[in-house]
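First comes the structure, then the notes that go with it.
Nothing in this text is a laboratory measurement; each read-out follows from the coordinates by a stated rule. Please read all numbers here as calculations on a predicted model, not as lab measurements. Note that we place each Cβ from the backbone using ideal geometry, even for glycine, and neighbour counts take in every protein chain shown.
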Amino acid sequence: MDLIQLQRQLVDYRTSLYHEGFLDEQFTQLQSLQDENNPDFVVEVVSLFFEDSERLLNELSKALEQQIIDFKRMDAQVHQLKGSSSSIGAHRVQKLCIVFRNYCEVHNVEGCLKCLQQVKHEYGIIKTKLESMFQLEQQILNAGGSIPV
Amino acid sequence: MARNGGVAWMRTTEKIDGYDLSTSDTEEVHVLAVDDSLVDRKVIERLLRISSCKVTAVDSGRRALQYLGLDEEIQKKETNGFDGLKVDLIITDYCMPGMTGYELLKKVKESSAFREIPVVIMSSENVIARIDRCLEEGAEDFIVKPVKLSDVKRIIDYTTTELREGEQREGARARRRGINKRKQREGDDDLSSSPPSTLSSSTSSSPSSSIQSATAPLSPSTLDSPTRRLKMTSSE
């Protein structure tokens with residue numbers, strides 16, 4: 001695939017992520033903070049998000065396996081996940097966290113379990129999509145092109 | 001990049017005006033950013049650096065107090081290996097484990113040494129009661145997360161303005177929200193939600209709801225300041 005095609009593919013892909021509600025304008029904010037002096041800013045922030053999220057999702061899974069469920073602690077963890085997903089524009093994950101927190105508040109175990117599954121699912125999707133997007137960007141850079149805005 | 005720009009600007013001004021800036025404090029605002037989230041710290045750091053600030057980012061209220069030298073348990077004059085730079089502004093998350101941003105705000109405002117430092121609270125939750133509580137305790141402003149560059153620029157703008165011109169802090173948040181419950185610490189005239197009082201005879205402030213615009217008679221240094229330039233040319 002030549003450079004022009006790659007660039008077009010990237011633009012289309014990115015656009016679809018917004019249209020399908022995977023990303024929101026906060027992601028655009030992050031991209032605008034990247035420049036020649038900080039060319040990896042978005043990748044770095046998103047990587048931190050991945051690490052953070054995986055840690056939190058593990059902890060939430062464990063929490064829901066306990067005999068006595070610590071809803072307060074879970075709520076704090078979901079709050080953290082909500083915060084970081086909001087900060088990078090991971091829209092669907094963020095929205096699910098809001099629902100998740102509601103279930104924590106009313107101590108609804110079933111609801112929490114269901115939400116956790118959904119969040120894990122959505123997280124998996126956005127992670128794959130962002131990684132694909134970054135790979136496309138890298139291909140463009142490797143081909144000597146620049147990443148379209 | 002901001003530092004280089006600052007130095008270059010200072011040299012130029014010196015040449016043009018013979019105005020000696022070498023004795024003044026650094027023109028860059030030094031911000032202490034407090035947030036337990038690694039993602040948010042990285043973002044706020046970048047936002048502040050882009051806004052030409054020096055940034056020190058810490059992950060808890062406790063560490064913030066240590067940095068300032070306010071921690072009761074650790075009496076340190078020096079600050080963790082940093083060169084003891086004066087903090088011009090504190091931006092803190094509200095919800096943090098251990099000490100909340102609100103508690104940090106209170107501690108700062110209770111301290112005679114640091115109460116003048118403006119404190120801005122960030123929160124993902126747009127709860128009026130929470131906002132009011134923070135403003136009443138003396139917070140300069142309240143940003144709803146996720147934080148955007150325009151939020152940071154606005155805050156740095158009026159912090160820079162106040163630092164430069166040594167004015168009383170205005171109820172900028174009052175203009176934005178039509179609320180003013182700030183304690184009359186400095187003995188200001190009562191600020192209402194209507195256009196703010198002028199802060200000095202040479203300053204005029206337009207009651208913009210979003211942009212600070214204290215257009216004082218600018219010294220050559222402030223006219224050329226990157227942040228001032230941004231403020232003048234930016235609009236909502």
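Side notes on the structure shown:
- Of the residues A:M1, B:M99, A:M74, the one with the fewest other Cβ atoms within 10 Å heads the list, and the complete ranking is A:M1, B:M99, A:M74.
- For segment A:20-93 versus segment A:95-131, the spacing of their alpha-carbon centroids is 12 Å.
- For the peptide B:34-42, the mean number of other protein chain Cβ atoms found within 10 angstrom of a residue's Cβ is 6.
- Annotated for segment B:30-171: lysine pairs at least 8 residues apart or interchain, Cα distance under 18 Å, count 14.
- Pairs of Cα atoms in chain A fall into 10 Å distance bins, from 0 up to the last occupied one, in shares of 11, 38, 28, 15, 7, 1 percent.
- Residue order, fewest to most beta carbons within 10 Å, for A:Y13, B:Y94: A:Y13, B:Y94
- Convex hull of segment B:30-171 built on C-alpha atoms - directionally averaged projected area, nm²: 8.1 nm²
- Neighbouring Cβ atoms from other chains, within 10 Å of the Cβ of residues in A:79-86, number 5 on average.
- Helix A:91-105 axis, angle to chain A major axis (alpha carbon atoms, nearest 10°): 10 degrees
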